[in-house]
Amino acid sequence: MFLFQITFYEEKNFQGRSYECMSDCSDMSSYMSRCQSCRVESGCFMLYEKNNYMGQQFFMRRGEYNDMHRMQSIGMMFDNIRSCRMIPFHRGQFRMKIYERENFGGQFNEMMDDCDNIQDRYRMSDCQSCHVMDGHWLMYEQPHYKGRMMYMRPGEYRSFRDMMSCQRFMSMRRITDMC
């Protein structure tokens, strides 16, 4: 079995043309016209509504997803997948600095664990930039891990506005599972 493997299907219930993916894919349109179901055999993946890892995102772990339209009931806010990125398993500590304003401005805090509400925990009204030092994280636009999400890997993120329509995040979670 491969470390990372996801299979996309054009029709519901794993029917129609399929595309098996074992790495990042920035443009799935040459392999299939739409995605109505998928099967994550191993690993974790982020799915994106647009090419080049842009637009809304959704986290997928090992499992069968026979109807992408039904995924909206658990938070997926789009019904077509155009790109996907595998999420490597991280061993070790998790560290991220979150900043209240763009370009690392305003109040900041260093995090090492999940936070379901930055306003309650840190008295921050916003998180508009961050520096991920260790680990892989999911950030959510609303408290309690709700709303649109964004995958963050180690690096500096000066402005969330440049990355997607969401300009701020209110909760964040470490990706700790091997899927």
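Matching residues to (1) at pLDDT below 90; (2) among the charged types (D, E, K, R); (3) under 15 Å from the mean Cα position of the chain (by Cα):
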| position | (1), (2), (3) |
| --- | --- |
| 7 | no, no, no |
| 13 | no, no, no |
| 54 | yes, no, yes |
| 75 | yes, no, yes |
| 95 | no, yes, no |
remark   = In the set 107, 128, the lone residue that is in contact with a Phe, Trp or Tyr (Cβ under 8 Å, 6 or more places away or on another chain), farther than 15 Å from residue 57 by Cα and crowded, with 20+ Cβ neighbours inside 10 Å is 128
inquiry  = Against the definition (farther than 20 Å from residue 40 by Cβ, part of a strand (DSSP E or B), in contact (Cβ under 8 Å) with a residue 12 or more places away in the chain and touching a Phe, Trp or Tyr at 6+ places or on another chain (Cβ under 9 Å)), how does residue 100 come out, yes or no?
reply    = yes
message = Take the residues in segment 24-71 that are in contact (Cβ under 8 Å) with a residue 40 or more places away in the chain and of a type in the set (Gly, Ala, Ser); name whichever of them is nearest to residue 136 (Cα to Cα).
response = 43
ask   = So is residue 117 at pLDDT 95 or above and buried (at least 16 other Cβ atoms within 10 Å of the Cβ) or not?
value = no
ask   = Tell me, which residue of segment 104-157 that is part of a loop (DSSP other than H, G, I, E, B) and of a type in the set (A, V, I, L, M, F, W, C) is farthest from residue 45 (Cα to Cα)?
value = 124
query = Residue check: is residue 70 open to solvent by 20 Å² or more (accessible area, probe 1.4 Å), part of a strand (DSSP E or B) and among the basic types (Lys, Arg)?
reply = no
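The values are calculated or read from the model by the stated rules, or taken from the named source; none is laboratory data. It should be emphasised that the depicted structure is a prediction, and the values quoted were computed from it without experimental measurement. Cβ sites come from the backbone with ideal geometry, for glycine too, and all protein chains shown count toward neighbours. Surface areas here come from the heavy atoms of the whole protein model, side chains and all, with no ligands, DNA or RNA. Shrake-Rupley method; radii C 1.70, N 1.55, O 1.52, S 1.80 Å.
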